[in-house]
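Peer 1: What follows is a single structure, and I will ask about it in a moment.
The values are calculated or read from the model by the stated rules, or taken from the named source; none is laboratory data. If you're wondering where the values come from, they're calculated on a predicted model, not measured in any experiment. Cβ placement follows ideal geometry from the backbone for every residue including glycine, while neighbour counts extend to all protein chains displayed. With ligands, DNA and RNA removed, areas are computed over all heavy atoms of the protein, side chains included. Shrake-Rupley method; radii C 1.70, N 1.55, O 1.52, S 1.80 Å.
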Amino acid sequence: MRYIATRPRVAKNKGMNHGLFGCLTPGTPLTEFQDWRDVAQLVYWNAKRHVTMYRSVVSFGEDTAKELLLTDRAAWQRYIENHIRTIAEKNGIRREHFQWAAALHREKSHPHLHVVFWDNSDEKARIRNPFTHPSVPNNIRRQMIKDTFADRIRAYGEEKNRAAAGLRQISDELVEDFERHMRLVGKERYRRLREEYDLDAELKEDFCFTDQALNEVADRVFCLKSALPPKGRIAYGLLPVTVKKQVDELTAYLLEYVPELKKLRTDYVESKMKMAYLYGGSEEALEDQRNRFEDEADRMIANRILGMVKTLNRLDDEGRMAEYREEQKKFY
């Protein structure tokens, strides 16, 4: 308590030689203690009575602290008063039994607040296992980030949703464009192409689309169609490994040749990374998250690519139905 209250660079209370403040009477406003030694004495007797004492540290980078207007002792006091309930609740201490004391240390690169707290309820509740599972401070940190940066998190979420909607829209447009071109091929020519792909034979004729990228897409989608079983649900997560690889390669091809699709994928990943940076983590953990977000975006595109395979299935069904009707006509 002496260290927290009097160390160099502590933000001292007005007219005092220490910076200790807090609340020892639950439900009352924050107090700047007249003498830190009174609180230290209380803490000493708590320890004698086996009351478990806890310490938390609330820290921000210098730039973030400025952005949050945490530039003086009064601002930090308001901040911790607004968030102290989170610390109590996540530690399982009821509000009416929660006592705490804190002081601000003005470190240049990371201004931070030390908070010492404890449960002042009856003997049974006070004597706790002093081990704190890492999930407790982690949950406090995540909740305080959510509450502190609520507006920014909301903005990042909207940015991500826009990018995801754009990814789906442009992918759907590609599927529609593909279907429109496939219908222009003509029923007889389409049937011959399907038979050649199913037999894995050398193609006697090409699609002859004016768009070279569309020719490549059509070729790969026909190959996918031939590699899949004739019946069953078509979804990326259910595909055999070899077919997944083909879908992944086609996804990479589309990202290379459709700049707008690539930009939306980047926007989606970066908006999610902004959220991830708020919560922090090691470089390795953040890189793992980036890879996961990229996979999410690619999965969206992949499932749209499989929509092209479904288009071919639909054309097959239409062709079979037309043949059936023609045979019926002949029979009648």
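Peer 1: For Lys245, only one of the following conditions fails: (1) in contact with a helix residue (DSSP H, G or I) (Cβ under 9 Å, 6 or more places away or on another chain); (2) at pLDDT 90 or above. What is its number?
Peer 2: Condition (1) is where Lys245 drops out.
Peer 1: Could you run through the range 39-69 and say how many residues are open to solvent by 100 Å² or more (accessible area, probe 1.4 Å) and within 15 Å of Ala102 (Cβ to Cβ)?
Peer 2: Of the residues in that region, 1 qualify.
Peer 1: Going through the range 12-38 one residue at a time, which ones are assigned to a helix (DSSP H, G or I), open to solvent by less than 80 Å² (accessible area, probe 1.4 Å) and of a type in the set (D, E, K, R)?
Peer 2: Matches in the range 12-38: none.
Peer 1: Something else now. Of the residues that sit in the range 9-25 and are in contact with a His (Cβ under 9 Å, 6 or more places away or on another chain) and of a type outside the set (Val, Ile, Thr), which one is farthest from Ala88 (Cα to Cα)?
Peer 2: Residue satisfying both the conditions and the ranking: Arg9.
So that you can scan it fast, the table gives a plain yes or no per residue for (1) at pLDDT 95 or above; (2) among the aromatic types (Phe, Trp, Tyr):
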| position | (1), (2) |
| --- | --- |
| Arg49 | no, no |
| Asp63 | no, no |
| Gly92 | no, no |
| Ala102 | yes, no |
| Trp118 | no, yes |
| Lys124 | no, no |
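Peer 1: Right, next: List, please: which pairs have Cβ atoms under 6 Å, are six or more places apart or on different chains, and start with a residue in the range 5-31 that is at pLDDT below 95 and among the charged types (D, E, K, R) and end with one that is open to solvent by less than 60 Å² (accessible area, probe 1.4 Å) and assigned to a strand (DSSP E or B)?
Peer 2: The qualifying pairs are Arg9/His105.
Peer 1: Among the residues of the range 259-309, count how many are free of Cβ contacts under 8 Å to residues at least 12 places away in the same chain and among the hydroxyl-bearing types (Ser, Thr, Tyr).
Peer 2: 3
Peer 1: May I ask you to list pairs of residues, at least six apart or on different chains, whose Cβ atoms are under 7 Å apart, with the first in the range 33-61 being without any contact (Cβ under 8 Å) to a residue 24 or more places away in the chain and the second being surrounded by 12 or more Cβ atoms within 10 Å (Cβ to Cβ)?
Peer 2: Ala47/Met53
Peer 1: Residue check: is Lys330 touching a residue at least 40 places away in the same chain (Cβ under 8 Å) and open to solvent by 60 Å² or more (accessible area, probe 1.4 Å)?
Peer 2: So Lys330 does not fit the description; no.
Peer 1: Moving to a separate point now. From Lys14, Lys108, which residue is under 38 Å from the mean Cα position of the chain (by Cα), more than 17 Å from Met144 (Cα to Cα) and of a type in the set (Lys, Arg)?
Peer 2: Lys108
Peer 1: Here is a follow-up. Of (1) open to solvent by less than 20 Å² (accessible area, probe 1.4 Å); (2) closer than 30 Å to Pro26 by Cβ, Lys146 satisfies all except one. Which?
Peer 2: (1)
Peer 1: Right, another one. Got at least one residue in the range 73-82 being open to solvent by less than 40 Å² (accessible area, probe 1.4 Å) and touching a helix residue (DSSP H, G or I) at 6+ places or on another chain (Cβ under 6 Å)?
Peer 2: Within the range 73-82, none of the residues are open to solvent by less than 40 Å² (accessible area, probe 1.4 Å) and touching a helix residue (DSSP H, G or I) at 6+ places or on another chain (Cβ under 6 Å).
Peer 1: Those residues that are over 16 Å from the mean Cα position of the chain (by Cα) and basic (Lys, Arg), I need them from the range 268-324; list them, please.
Peer 2: Arg304, Lys310, Arg314, Arg320
Peer 1: Find the helices (runs of 4 or more DSSP H) located wholly in the range 212-316 whose residues include 2 or more that are open to solvent by less than 20 Å² (accessible area, probe 1.4 Å) and closer than 30 Å to Asp63 by Cβ, and list them.
Peer 2: Where helices (runs of 4 or more DSSP H) fall fully within the range 212-316 and carry at least 2 residues being open to solvent by less than 20 Å² (accessible area, probe 1.4 Å) and closer than 30 Å to Asp63 by Cβ, they are 259-279.
Peer 1: Can you find a residue in the range 169-184 that is part of a helix (DSSP H, G or I), aliphatic (A, V, I, L, M), at pLDDT 80 or above and more than 14 Å from Lys310 (Cα to Cα)?
Peer 2: Within the range 169-184, one or more residues are part of a helix (DSSP H, G or I), aliphatic (A, V, I, L, M), at pLDDT 80 or above and more than 14 Å from Lys310 (Cα to Cα).
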